[in-house]
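Just below is one structure, and these are the notes that go with it.
The values are calculated or read from the model by the stated rules, or taken from the named source; none is laboratory data. Note that the coordinates shown come from a computational prediction; the quantities given were computed from them, not determined experimentally. As a convention, Cβ positions derive from the backbone with ideal geometry for all residues, glycine included, and neighbour counts pool all protein chains shown. Side chains included, ligands, DNA and RNA excluded: accessible areas come from the protein's heavy atoms. Shrake-Rupley method; radii C 1.70, N 1.55, O 1.52, S 1.80 Å.
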Amino acid sequence: RYADAAVTDMSGRFALPGLFDTHAHITLGPVMPEVKDGEVSLVVSGTDDITRHDALMLLAAGVTTIRDPGGDTARMVAYRDAVTDGRITGPEARVAGAVIDRSPFPVTGLVDRVDDTRSVTDHVVAQTRAGVDFVKLYEALTVEDLAAGIQAADAAGVGTIAHLSDVSWTQAANLGIDALVHAMPISPDLLPADRRAAWIETRRPGPYAFFEWYEQADLDSPEIADMLRTL
């Protein structure tokens with residue numbers, strides 16, 4: 001053994017490498033509704049104390065590296081850089097900024113909202129200039145939005161990650177997405193053709209689709225086989 005190596009008695013113990021949490025929203029805090037001038041929004045707050053607490057809890061569980069796929073852009077970049085510089089104790093991080101989406105209402109502190117005044121490309125450019133490692137493209141975006149986001153991110157030299165709904169994983173892979181999150185490829189296009197219309201007509205909003213899609217899917221279908229080949 002090396003003469004000056006540290007030696008620890010490991011009797012009755014085991015060691016393993018640090019864990020990698022691929023979906024750690026380390027900077028997110030409480031979510032509160034807000035109504036202002038008749039417009040409904042959600043406010044996702046975050047504080048340095050919350051981030052420091054989350055970072056220590058991850059370390060305590062053996063997580064030494066995280067991929068954080070969404071939060072306030074400035075706060076996310078600040079956390080990553082603070083860990084790198086040794087100003088905060090926590091897992092090293094690769095971070096996205098705010099998720100980019102066509103949200104039906106504003107979600108301050110989590111979503112960069114695509115509308116008539118700000119395009120997907122506008123948000124990607126702003127986030128890459130802020131220093132993110134990749135951008136997060138979200139479920140209400142159209143195929144055209146997704147293509148524009150991937151193109152803008154590629155031009156800036158950052159990665160892309162997506163949480164999708166109607167746009168299929170097959171389409172996203174063909175467009176060049178780098179990563180997909182959640183085991184929910186819940187696009188109607190991935191159902192057998194004779195089940196799609198009924199699914200679209202009767203599906204319930206929100207998390208119901210996360211499991212009800214599987215009740216209609218045929219995992220041995222040509223659509224799923226094509227998706228797997230494409231991925």
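Counting only heavy atoms of the protein chains, get the accessible area per residue of the stretch 111-227 (1.4 Å probe) and round it to a whole Å² value.
49 Å²
For a quick protection proxy, order the peptides 155-166, 115-126 by their average other-Cβ count within 10 Å, most packed first.
Result, highest mean first: 155-166, 115-126.
Report, to the nearest whole %, how much of the accessible area of the chain belongs to carbon and sulfur atoms, 1.4 Å probe, protein only.
Carbon and sulfur together cover 53 percent of it.
Scaled to the compact-protein estimate 2.2 N^0.38 Å, what is the alpha-carbon radius of gyration of the stretch 15-56, rounded to two decimal places?
After normalising by residue count via 2.2 N^0.38 Å, the value is 1.72.
Set the Förster distance to 45 Å, then compute FRET efficiency between Ala225 and Ile50 from the Cβ-Cβ distance, nearest 0.05.
0.55
Report the normalised scattering of the stretch 56-201 as log10 I(q)/I(0) at q = 0.19 Å⁻¹, calculated by the Debye formula with identical scatterers on the alpha carbons.
The calculated log intensity ratios at q = 0.19 Å⁻¹ are -1.10.
Averaged per residue, what accessible area in Å² does the stretch 20-80 show with a 1.4 Å probe, protein chains only?
With the other protein chains kept in place, the stretch 20-80 gives 54 Å² per residue.
Counting each DSSP H run of 4 or more residues in the chain as -39500 (n - 2.57), what helix-only mean residue ellipticity at 222 nm follows after dividing by all residues, to the nearest 500 deg cm²/dmol?
-10500 deg cm²/dmol
May I ask for the net charge around Val181, where only other residues with Cβ less than 10 Å from the Cβ of Val181 are counted and Lys, Arg are +1 while Asp, Glu are -1?
+2
With charges set only on the Cβ (+1 for Lys and Arg, -1 for Asp and Glu), what does the dipole of the chain come to about its Cα centre, in debye to the nearest 20?
560 debye
Farthest toward the dipole's positive end in the stretch 62-165, which of Met76, Gly159, Val125, given Cβ charges of +1 (Lys, Arg) and -1 (Asp, Glu) about the Cα centre?
Met76
Calculate the translational D of the stretch 133-207 in whole µm² s⁻¹ from Stokes-Einstein, where the hydrodynamic radius comes from the Kirkwood formula applied to all Cα pairs, the temperature is 4 °C and the viscosity 1.567 mPa s.
100 µm²/s
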